[in-house]
Amino acid sequence: MPLRMDATGSSSKIHAGGKRDNSGAVAFDFVIVGATGDLTMRKLLPAFYECFRRRQIEKSTKIIGVARSGLSVEDYRARAHEALKGFVATSSYDDATIQDFLGLVEYVSLDMSDKDADWTGLRAQLSTERDRPRVFYVATAPKLYVPTADAIAHNELITESSRIVLEKPIGTDQATAAEINDGVGQHFTEEQIFRIDHYLGKQTVQNILALRFANPILERVWNTDSIAHVQITAAETVGVGKRGPYYDSAGALRDMVQNHLLQVLSLVAMEPPTAFSAMDLRDEKLKILRALKPMSDHDIATDTVRAQYGEGHVNGKLIPGYLDDLGAPTSTTETYLAIRAEIRTARWAGVPFYIRTGKQMARKETTVVIQFRPQPWAIFTDNPEPSQLVLRIQPNEGVSLSLASKDPASEQYRLREAVLDVDYVKAFNTRYPDSYEDLLMAAVRGDQVLFIRRDEVEASWRWIEPILHGWEENIRPLEIYPAGTQGPASSDELLARDGFVWKENT
Ligand SMILES: NC(=O)C1=CN([C@@H]2O[C@H](COP(=O)(O)OP(=O)(O)OC[C@H]3O[C@@H](n4cnc5c(N)ncnc54)[C@H](OP(=O)(O)O)[C@@H]3O)[C@@H](O)[C@H]2O)C=CC1
Ligand SMILES: O=C1O[C@H](COP(=O)(O)O)[C@@H](O)[C@H](O)[C@H]1O
């Protein structure tokens, strides 16, 4: 694994990796604050197990769960075991390896936001080796991020090799994001702060950069001369589940667009970075976030759609509406949105970027569609639709390109669409790791390439905020769509106005 540069552009060699054994496995202390929570059980522990199974984690490593609940380490390991049974793929599950892995897991009962609590239990778990990576992963409510960082600092647990990982959401608007960034930044340098966005851990999202910048054939047409528009879709077939109270205060714009989808958009739209380094990459993403055309009230009325799911059928099953899921008589929170965005750069002038996301939709489908322009002078009479490049982020991870081809069955020169399709799982004959696997190990290594810098978070909020306010003022009224559909008709009209249609069933 080559060493990468840190956010300041200097080599991160000194505190990057910690000690490795002969097989390259690394030893570290990893404190999970919020160890009994949903995220830890469903995502973090199973991801660590996979990394351990793949021999990336050395056996002296400690994964130290912290929460306020008074559990013994045996109780916690039993809970962790249940979570692993539920969330590790059958093909990876191995009893002996699970037992070895559980041997790395410790538990400390502590209110991590209380600097004056008794921290001796946690301190005793931490190695005193100076260059051993020490990661604090804060998987609690965002209001605890600053008190937790304060308390860690007050108890003098921050070493040169320490880092703090912050889960999303970072704030609810620009001001609250800045408060969190300022507060945590009192104790940890920007190079020690890892703001996680699990979309950046997806192999297919990382592959956007490979496709664009390692294939000149694509990069040379990646601009307004050849591209008519771009669609970014993240459709889900799930509802809000047990996260109703959080979701109702957030909505799709804060939950999905401010972070995941604006990150995907920046990767699709950014200029080539001078090097594959955290600093260069994040500089280029930031430029795109800053180049997004601010939405005026008029734009919000015409170029956004917001909606909430009502009762309907998903995969043949009757699904209650959002209000029933929430158990609330009323709510104006959007579970679906579509936005027509513009990027004010020479590369993207005149190319709309359509973003849509929603819950309880007809299909689970996260895609980026690049719609190419038609042939400027058509010599054939029956041209099919102009080519589309479809990046399938999930599921059925892959990429396809539709091409006009001569139909061999036609007597005359008739054209039909033919599709070049690469299925990544088949092409690489490998399992697709969960996004948290890459992200956790990158945090341990101190590699910030896959994490969000402070200015990116704040620039995203800056673009989102006018839309949030416009919707609060009902400039664009909330619509209802039946669960199990692809959203309201007005979302189709958003594209139809420009002469386009959403690509479905990729
Ligand atoms: N769940 C998910 O899929 C996702 C979650 N996130 C984010 O991750 C964070 C955690 O989410 P989630 O796991 O769902 O939340 P949960 O409510 O399920 O878990 C919260 C955890 O924090 C612990 N906790 C609360 N206060 C303290 C404290 N003062 N000191 C130590 N531990 C504490 C709780 O245990 P106890 O009560 O025993 O202290 C519990 O283990 C949130 O910021 C969320 O927005 C982000 C993306 C996805
Ligand atoms: O962060 C979140 O992401 C999930 C969607 O993630 P995916 O990897 O399944 O695409 C979303 O369901 C959740 O509401 C949001 O908080």
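Tell me which residues, restricted to region 42-73, are closer than 23 Å to Gly244 by Cβ and within 16 Å of ligand 2 (Cβ to nearest atom).
Filtering region 42-73 for residues closer than 23 Å to Gly244 by Cβ gives 42-44, 67-69.
The answer is Arg42, Lys43, Leu44.
This table checks each residue for (1) touching a strand residue (DSSP E or B) at 6+ places or on another chain (Cβ under 7 Å); (2) at pLDDT below 95.
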| site | (1), (2) |
| --- | --- |
| Asp423 | yes, yes |
| Leu439 | no, no |
| Val444 | yes, no |
| Ala459 | no, no |
| Ile467 | yes, no |
| Asn474 | no, no |
| Glu479 | yes, no |
| Ala483 | yes, no |
| Ala489 | no, no |
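Can you say whether Ala96 is modelled with pLDDT under 95, open to solvent by 20 Å² or more (accessible area, probe 1.4 Å), assigned by TED's automatic domain parsing to the domain that holds Leu126 and more than 15 Å from ligand 1 (Cβ to nearest atom), as far as the supplied structure shows?
Answer is no for this residue.
Rundown of residues vs (1) touching a Ser or Thr at 6+ places or on another chain (Cβ under 9 Å); (2) touching a residue at least 24 places away in the same chain (Cβ under 8 Å); (3) open to solvent by less than 60 Å² (accessible area, probe 1.4 Å), yes/no style:
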| position | (1), (2), (3) |
| --- | --- |
| Val257 | yes, yes, yes |
| Thr274 | no, no, no |
| Thr304 | no, yes, yes |
| Gly310 | no, yes, yes |
| Asn315 | yes, yes, no |
| Ala341 | no, yes, yes |
| Arg347 | yes, yes, yes |
More than 28 Å from Asp150 (Cα to Cα), open to solvent by 20 Å² or more (accessible area, probe 1.4 Å), modelled with pLDDT under 95 and assigned to a loop (DSSP other than H, G, I, E, B), is that true of Gly24? yes
Could you go through region 449-468 and let me know if any residue there is open to solvent by 20 Å² or more (accessible area, probe 1.4 Å), outside any loop (DSSP other than H, G, I, E, B) and of a type in the set (Val, Ile, Thr). no
Members of region 349-377 found to be among the small types (Gly, Ala, Ser) and open to solvent by 60 Å² or more (accessible area, probe 1.4 Å), listed by number: Gly350
Output for region 121-167, where each listed residue is surrounded by fewer than 16 Cβ atoms within 10 Å (Cβ to Cβ) and within 11 Å of ligand 1 (Cβ to nearest atom): Ala141, Lys143
Take Asp38 and tell me if it is within 16 Å of ligand 1 (Cβ to nearest atom), modelled with pLDDT under 95 and assigned by TED's automatic domain parsing to the domain that holds Val108. yes
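Residues are listed down the side, and each one gets a yes or a no for (1) within 21 Å of Leu126 (Cα to Cα); (2) within 16 Å of ligand 2 (Cβ to nearest atom); (3) outside the structural domain of Ala47 (by TED's automatic domain parsing):
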{"site": "Asn155", "(1), (2), (3)": "yes, no, no"}
{"site": "Lys168", "(1), (2), (3)": "no, yes, yes"}
{"site": "Thr172", "(1), (2), (3)": "no, yes, yes"}
{"site": "Ala175", "(1), (2), (3)": "no, no, yes"}
{"site": "Ile180", "(1), (2), (3)": "no, no, yes"}
{"site": "Glu190", "(1), (2), (3)": "no, no, yes"}
{"site": "Leu211", "(1), (2), (3)": "no, no, yes"}
Taking the condition outside the structural domain of Thr90 (by TED's automatic domain parsing), open to solvent by less than 60 Å² (accessible area, probe 1.4 Å) and at pLDDT below 90, does Ser402 pass? no
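Table: residues versus (1) farther than 17 Å from Val368 by Cα; (2) open to solvent by less than 30 Å² (accessible area, probe 1.4 Å); (3) within 16 Å of ligand 2 (Cβ to nearest atom).
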| residue | (1), (2), (3) |
| --- | --- |
| Ala228 | no, yes, no |
| Arg254 | yes, no, yes |
| Gln263 | no, yes, yes |
| Glu284 | yes, yes, no |
| Ala291 | yes, yes, no |
| Asp297 | yes, no, no |
Odd one out for Ala89, checked against (1) in contact (Cβ under 8 Å) with a residue 40 or more places away in the chain; (2) surrounded by 13 or more Cβ atoms within 10 Å (Cβ to Cβ): (2)
From (1) more than 16 Å from ligand 1 (Cβ to nearest atom); (2) under 20 Å from Pro488 (Cα atoms), pick out the condition that doesn't hold for Asp255. (1)
I need every pair where a residue in region 107-119 that is open to solvent by 30 Å² or more (accessible area, probe 1.4 Å) has its Cβ under 9 Å from the Cβ of a residue that is within 16 Å of ligand 2 (Cβ to nearest atom), sequence separation at least 6 or different chains. Ser113/Thr140
Filtering region 478-506 for residues that are part of a loop (DSSP other than H, G, I, E, B) and either charged (D, E, K, R) or in contact (Cβ under 8 Å) with a residue 40 or more places away in the chain (or both) leaves a count of 13
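The values are calculated or read from the model by the stated rules, or taken from the named source; none is laboratory data. In this text, all values refer to a predicted model and were calculated from it rather than measured experimentally. FYI the Cβ positions are ideal-geometry reconstructions off the backbone, even for glycines, and counts take in every protein chain you see. In case anyone asks, the SASA skips ligands and DNA or RNA and just uses the protein heavy atoms, side chains included. Shrake-Rupley method; radii C 1.70, N 1.55, O 1.52, S 1.80 Å.
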